[in-house]
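Input: a single structure, listed below in structure tokens.
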Amino acid sequence: MNRRGPSSAIGGYTLVELLVVLAVTAVLATLAAPMAEVAAQRDKERELKRALWQIRDAIDAYHDARKRGVIRGPASTSEWPPHLDSLAEPWPDARPGHEGEVVRFLRRVPRDPFADPLVPAARTWGLRSYRSNWSDPQPGDDVYDVYSRSAGVGLNGTALSQW
């Protein structure tokens, strides 16, 4: 007599088992998608904060260098940088004994991570002149501050342009 026991059974998965695994996988993928979006937003916000700190520190360093006479500009101009690209340009060191040396404040102007990637980095930022009101930032003859032009809102509920 030919008896089939457990040792002779052909291994495999049933259709029901496969459907259950697919359903569980679909549910997990559905739950993971929003978390991935939040993680991507969080990364862009960190990059925005870092870029704002770098630019604002460079603006302050430029201003300090002008006040201390490390670099010179026309006497009729503001002690703030004339434009963002000037922070990455080499400035001749004006101090005695430092002839031939240059001063830079940034290696390159960071870009706003929420801006169009085809726009040059310095043009991705909104600019505020020293004479501009803080509540209504306007560009002018100098750069006193920068802000994101993005209309988006951060994960903390604050408009990105207010950072």
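Some notes on this structure:
- Equivalent ellipsoid semi-axes, the range 62-163, via Cα gyration tensor eigenvalues times 5, rooted, Å: 30, 16, 11
- Theoretical FRET efficiency, 1/(1+(r/R0)^6), r = Cβ-Cβ of Gln138 and Glu101, R0 45 Å, to 0.05: 0.80
- Once both labels are positioned 7 Å from their Cα atoms along Cα-to-Cβ, the gap between Thr158 and Val27 label points is 3.9 nm.
- For Val153, residues with placed amide H under 5 Å, excluding near neighbours: Leu160
- Average Cα contact separation per residue, the chain, under 8 Å, 6 or more apart, as relative contact order %: 17
- Couplings 3J(HN,Hα) of the range 21-38, computed from phi: 4, 5, 5, 5, 4, 5, 5, 5, 5, 5, 6, 6, 4, x, 5, 5, 5, 5 Hz, in residue order, whole Hz [Karplus 6.51 cos²θ - 1.76 cosθ + 1.60, θ = phi - 60°; x for Gly and Pro].
No value in this document is a laboratory result; all are computed from the given coordinates. Because the structure is predicted, anything quoted here is derived from the model rather than measured. With ideal geometry, Cβ positions are generated from the backbone for all residues, glycine too; neighbour counts draw on all protein chains shown.
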